[in-house]
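The values are calculated or read from the model by the stated rules, or taken from the named source; none is laboratory data. Computed from a predicted structure; not experimentally measured. All Cβ positions, even for glycine, are placed from backbone atoms using ideal geometry, and neighbour counts span all protein chains on display.
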């Protein structure tokens with residue numbers, strides 16, 4: 001596919017007050033509205049008016065952040081997106097849910113319901129949960145290790161998709177005269193048996209408008225890349241440099257090809273957090289305002305959570321030792337993707353600890369771009385045309401204004417350059433991403449067990 005035919009995908013990643021860790025303290029934000037559904041409906045309408053592909057919520061089943069110094073906690077995203085679905089018409093709706101702390105049947109019902117209610121706009125961001133804080137919330141003695149979580153995740157996705165597919169598309173007849181609602185021969189038990197999961201089926205609802213919700217994934221470790229190549233239709237990732245983004249892009253597309261998939265149906269969407277100003281100096285002043293509001297205690301806790309390394313013995317204004325994160329690996333052989341990003345910042349920039357905390361305060365390792373709308377658009381275009389991205393997860397440092405400025409000033413530049421739509425051409429998230437509607441795997445299956 002040529003660059004002239006390609007169109008950017010742009011999502012608004014909603015992090016309640018904004019992606020900068022001190023956003024809740026800034027006068028441009030309204031943290032008192034973080035549990036007000038109308039706040040999120042307004043943000044979604046802004047994204048939809050700009051013709052963005054989707055809004056996206058991260059989530060986890062534990063209180064991870066330092067609630068004393070940060071706006072921690074959040075509404076459950078599938079419930080929230082259902083409310084947002086009723087206030088919007090076209091914008092895609094992507095929620096995060098864990099394969100470690102759900103079961104396939106109940107999660108399949110939640111996402112299928114969202115897809116039906118939204119008329120085909122649902123996406124599932126598949127995570128295995130990275131924090132061991134979650135285990136105690138579910139009565140478990142410990143959090144499963146990395147390999148076991150991914151092994152369960154593969155079974156989980158296989159079983160969930162089989163449930164969604166267990167009704168063939170033409171199973172419902174609604175023959176009032178004959179008194180036949182559905183054809184039981186077209187509704188199948190899945191009888192899934194794995195090492196971690198057993199699910200009989202069939203599902204208790206027909207296939208949703210998209211066939212099944214779009215499968216999204218965010219892990220960039222070696223296990224995460226292998227999982228993405230096999231299953232993901234969109235991939236959220238974090239890179240600081242164009243060359244790292246290009247290497248990741250090529251690697252995941254190749255993995256998808258090895259699984260017999262069309263690499264054009266795997267969308268690579270790095271995170272980008274734009275501080276925008278009419279001049280570069282104005283943008284830098286705005287970033288400085290946010291950084292001056294940060295709490296070192298909060299930043300240290302976040303850094304230790306991301307890296308698994310103790311840093312509290314270091315002086316805030318002394319350089320971070322070059323070898324502190326030396327076991328992070330590199331972009332082609334990494335086990336801990338975010339640790340590798342942070343190690344790269346330390347290696348290239350030799351920041352002080354305070355400087356590193358400020359670098360991460362903006363978007364937790366995702367790329368922060370500070371500049372004018374043209375400069376931000378130039379960065380997006382470069383990554384898109386140079387084989388590093390199919391689009392971006394836009395991560396405004398503050399909400400709602402950061403998204404409003406991006407929509408008002410950056411999106412029109414991308415549209416003028418022919419890189420982004422001026423109108424929606426379809427109604428579903430699959431339409432927006434340019435993804436096909438999958439057929440039920442049971443439609444032509446022989447020997448399937450019918451209901």
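For the range 388-429, what are the residues that are in contact with a helix residue (DSSP H, G or I) (Cβ under 7 Å, 6 or more places away or on another chain) and assigned to a helix (DSSP H, G or I)?
Selection gives 403, 404, 407, 409, 410, 413, 414.
In the range 430-451, which residues are modelled with pLDDT of 85 or more and part of a loop (DSSP other than H, G, I, E, B)?
So in the range 430-451, the residues modelled with pLDDT of 85 or more come out as 430-443.
434, 435, 436, 437, 438, 439, 440, 441, 442, 443, listed by residue number.
Conditions first: (1) surrounded by fewer than 21 Cβ atoms within 10 Å (Cβ to Cβ); (2) more than 29 Å from residue 209 (Cβ to Cβ). Residue 410 passes all but one, so which condition is the exception?
Unmet condition: (1).
Does the range 253-282 hold any residues that are out of contact with any strand residue (DSSP E or B) (no Cβ under 9 Å at 6 or more places or on another chain), touching a residue at least 40 places away in the same chain (Cβ under 8 Å) and assigned to a helix (DSSP H, G or I), and which are they?
Once the filter is applied, which keeps residues that are out of contact with any strand residue (DSSP E or B) (no Cβ under 9 Å at 6 or more places or on another chain), touching a residue at least 40 places away in the same chain (Cβ under 8 Å) and assigned to a helix (DSSP H, G or I), the range 253-282 yields 264, 265.
So is residue 249 over 15 Å from residue 359 (Cα atoms) and touching a helix residue (DSSP H, G or I) at 6+ places or on another chain (Cβ under 8 Å) or not? Please lay out each step first, then the result.
Details: over 15 Å from residue 359 (Cα atoms): yes; touching a helix residue (DSSP H, G or I) at 6+ places or on another chain (Cβ under 8 Å): no.
Here the answer is no, as residue 249 does not meet what is asked.
Filter the range 357-374 for residues that are touching a residue at least 40 places away in the same chain (Cβ under 8 Å) and not in a loop (DSSP other than H, G, I, E, B) and give the result. If you could, list the steps in order and put the result at the bottom.
Our first condition is that a residue be touching a residue at least 40 places away in the same chain (Cβ under 8 Å); within the range 357-374, this holds for 357-358, 360-373.
Result: 357, 358, 360, 361, 367, 368, 369, 370, 371, 373.
Need the failing condition index for residue 332 against (1) out of contact with any helix residue (DSSP H, G or I) (no Cβ under 8 Å at 6 or more places or on another chain); (2) surrounded by fewer than 17 Cβ atoms within 10 Å (Cβ to Cβ); (3) modelled with pLDDT under 95, just the number.
Answer for residue 332: the failing condition is (1).
Within the set of pairs 6+ apart or on separate chains, which have a first residue in the range 85-107 that is without any contact (Cβ under 8 Å) to a residue 40 or more places away in the chain, a second that is crowded, with 21+ Cβ neighbours inside 10 Å and in a loop (DSSP other than H, G, I, E, B), and C-beta atoms under 7 Å apart?
Close Cβ pairs satisfying both conditions: 85/118; 85/121; 98/128; 98/129.
Which residues, counting only those in the range 136-188, are farther than 30 Å from residue 221 by Cα and under 31 Å from the mean Cα position of the chain (by Cα)?
166, 167, 168, 169
Each row is one residue, and each column tells you yes or no for (1) at pLDDT 95 or above; (2) surrounded by fewer than 20 Cβ atoms within 10 Å (Cβ to Cβ); (3) closer than 18 Å to residue 157 by Cα.
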residue	(1), (2), (3)
33	yes, yes, no
44	yes, no, no
47	yes, no, no
54	yes, no, no
85	yes, no, no
92	yes, no, no
95	yes, no, yes
112	yes, no, yes
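For the range 132-231, please list each of the strands (runs of 3 or more DSSP E) lying entirely inside it that holds at least 3 residues being under 26 Å from residue 121 (Cα atoms).
Working: elements: 172-175, 180-182, 214-217.
Those strands (runs of 3 or more DSSP E) span 172-175, 214-217.
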